[in-house]
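Report on one structure; see the data block that follows.
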Amino acid sequence: MDITSSNSGDIIQLGDGGGRGYPLGRARAVFKADGAETNDSYSVSEWWLDPGFAGFDAHRHDANDDMFYVLAGEVTFVLDGQTSVAAAGSFLRVPPGVEHDYRNDGSAAARILNVFIPGGFEIEMPKIVEWFAAQPVS
């Protein structure tokens, strides 16, 4: 049973796969909690990356901590131009101002839990979905 509300003081309980989903070509995201539910203090999302997913292009967040916990598979992170591979169980904090990207260079699907502090990132998701929909899928 999923329990959600737009009141930041309410309990959020979601079953497996619950939340607001966004298709992103060879990836997809499901937001479990976002600005409306947390008073923009954080957002929590789960990301699935198909094998060969090339990433989102290097970007930075000037005022946000972006934290990643790899749940399954391996994820290649590029942080200020340096590449590292994170296996399941790995945690990564990207502080504000650090240019970063992530992709799945492996042959198996990867899954990441993302915490974004402060929240509000989800307002960008419709534009990101639109961009991916316009890209050819290889």
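The values are calculated or read from the model by the stated rules, or taken from the named source; none is laboratory data. Given the structure is predicted, the values throughout are model-derived calculations rather than measurements. Note: ideal-geometry Cβ built from the backbone for every residue, glycine included; neighbour counts use all protein chains shown.
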Name the one entry in GLY35, GLY89 that is of a type outside the set (Phe, Trp, Tyr) and closer than 18 Å to ILE128 by Cβ.
-> GLY35
Looking at this structure, is LEU92 modelled with pLDDT of 95 or more and either touching a Ser or Thr at 6+ places or on another chain (Cβ under 6 Å) or buried (at least 17 other Cβ atoms within 10 Å of the Cβ) (or both)?
-> yes
Conditions (1) in contact with a Lys or Arg (Cβ under 6 Å, 6 or more places away or on another chain); (2) in a helix (DSSP H, G or I); (3) among the aromatic types (Phe, Trp, Tyr): number failed by TRP131 | (1)
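Restricting to the stretch 17-51, count the residues that are in a helix (DSSP H, G or I), under 16 Å from ASP66 (Cβ atoms) and not hydroxyl-bearing (Ser, Thr, Tyr).
Summing the residues that are in a helix (DSSP H, G or I), under 16 Å from ASP66 (Cβ atoms) and not hydroxyl-bearing (Ser, Thr, Tyr) in the stretch 17-51 gives 1.
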Which one of these is of a type in the set (Gly, Ala, Ser), touching a helix residue (DSSP H, G or I) at 6+ places or on another chain (Cβ under 7 Å) and either outside any loop (DSSP other than H, G, I, E, B) or at pLDDT below 95 (or both): GLY55, GLY119?
-> GLY119
Would a scan of the stretch 84-103 turn up a residue that is free of Cβ contacts under 8 Å to residues at least 60 places away in the same chain, assigned to a loop (DSSP other than H, G, I, E, B) and closer than 15 Å to PHE121 by Cβ?
-> yes
